Amino acid sequence: MEMHVINATASEIKKAYYGLAKQLHPDTNKDDPEAEKKFQEVQKAYEVLKDEEKRQQYDQVGHEALILSRTYSEMPIFSTYSIGTWVEKMLRGSGMVISQNGPFTLQAACPNCKGAGKIVSNFCKSCRGKQVVKGPKTVKVSIMAGVDNNETIKIPRSGGSDPDGNQPGDLYVMIKVKEDPVFRREGADIHVDTILSITQAILEGTIQVPTLSRDVVVKVRPGTEPGQKVVLRKKGIKVQNLFSFGDQYVHFNVSIPTNLTQRQSQLIEEFAKEEEREDDNGLQEDRAESRYDSLLKSR
């Protein structure tokens with residue numbers, strides 16, 4: 001089986017020939033007894049490649065073209081391999097190899113250059129021969145109102161570069177929404193906690209509640225218990241791609257004081273006694289009703 005590289009251009013062949021001729025010239029290789037022979041073989045190989053007809057024969061059948069050539073018909077057959085070797089050296093650069101085994105010919109990517117047609121000896125220090133350089137890149141992203149956690153935004157042609165010169169890929173940005181110290185989010189709705197004093201919870205009053213835009217005044221109804229809530233319509237987050245907004249829920253908690261003044265303690269105690277009297281009166285009323293019911297049943 002024989003293998004040789006094909007499809008090199010005329011300028012590439014000429015450049016390769018001058019390089020080999022300079023390298024193998026007898027004047028620069030005086031210590032090599034084979035120098036003149038090698039130099040002549042290179043010249044003969046170049047004569048084959050300069051001739052379009054002979055070049056086509058070589059591309060089709062390989063070294064046998066040298067044997068069939070009239071110019072070199074008088075040459076011993078053993079020398080055709082040497083000339084063929086120099087021909088192959090001049091033809092390198094196409095990135096393809098042809099494999100001959102009898103009458104069959106197969107073409108495949110060159111195993112040395114991987115089809116690139118050239119082998120780089122000195123790599124670029126920045127890209128190390130990969131033609132692209134990895135590094136950070138700042139991209140401006142437009143965030144739509146109402147975007148939620150873990151949503152993905154596609155930015156066309158802002159991804160990695162293509163070494164072959166094609167358009168860059170796309171960049172996908174995953175959104176992470178930072179937790180807010182005041183508001184809790186559930187879709188387009190938001191929740192906020194507010195604390196009431198005992199007097200605010202027992203008596204009616206008003207409190208200031210923060211919203212996404214500004215503080216608003218919320219009325220507290222008398223007898224408000226811990227855990228109760230009020231709804232502020234359309235004070236939530238904008239719904240994506242729509243002209244509507246979510247709601248804001250205000251959750252009430254009641255603060256129990258631990259450090260009371262003497263006056264406050266006295267008032268609380270009076271309030272407790274009043275509750276006891278009300279309980280006693282209620283109990284007496286219940287007993288009276290019970291006795292009355294018993295009399296009615298006895299009749």
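Cβ-Cβ distance of Leu242 and Ile195, R₀ of 41 Å, FRET efficiency by 1/(1 + (r/R0)^6): the value works out to about 0.75. Annotation for segment 176-265: trypsin sites (Lys or Arg not before Pro) lying in DSSP loop with at most 13 further Cβ atoms inside 10 Å of their Cβ are Lys176, Lys178, Arg214, Arg233, Lys234.
Val230 sits among other residues whose Cβ lies under 10 Å from its own Cβ, and their net charge, with Lys and Arg +1 and Asp and Glu -1, is +3.
Full extension of the chain between Val254 and Lys130 yields a length gain of 38.0 nm, computed as 0.36 nm times the residue separation minus the alpha carbon distance. Multiplying the residue separation of Glu276 and Asn150 by 0.36 nm and removing their Cα-Cα distance gives an extension gain of 39.6 nm.
Using R₀ = 45 Å, calculate the FRET efficiency as 1/(1 + (r/R₀)^6) where r is the Cβ-Cβ separation of Glu36 and Ser158; round to 0.05.
On the way: r = 62 Å, r/R0 = 1.37.
The value I calculate is 0.15.
Residues whose amide H falls under 5 Å from that of Leu171, counting only those 5 or more places apart or on a different chain, are Ile155, Arg157, Ser158, Gly159, with hydrogens built in the peptide plane.
Quick note: the coordinates plus some simple rules give every number you see, no bench work behind them. This one's a predicted model, so the numbers in the text were calculated from it and none came from an experiment. Every residue, glycine among them, receives a Cβ derived from its backbone with ideal geometry; neighbour counts consider all protein chains shown.
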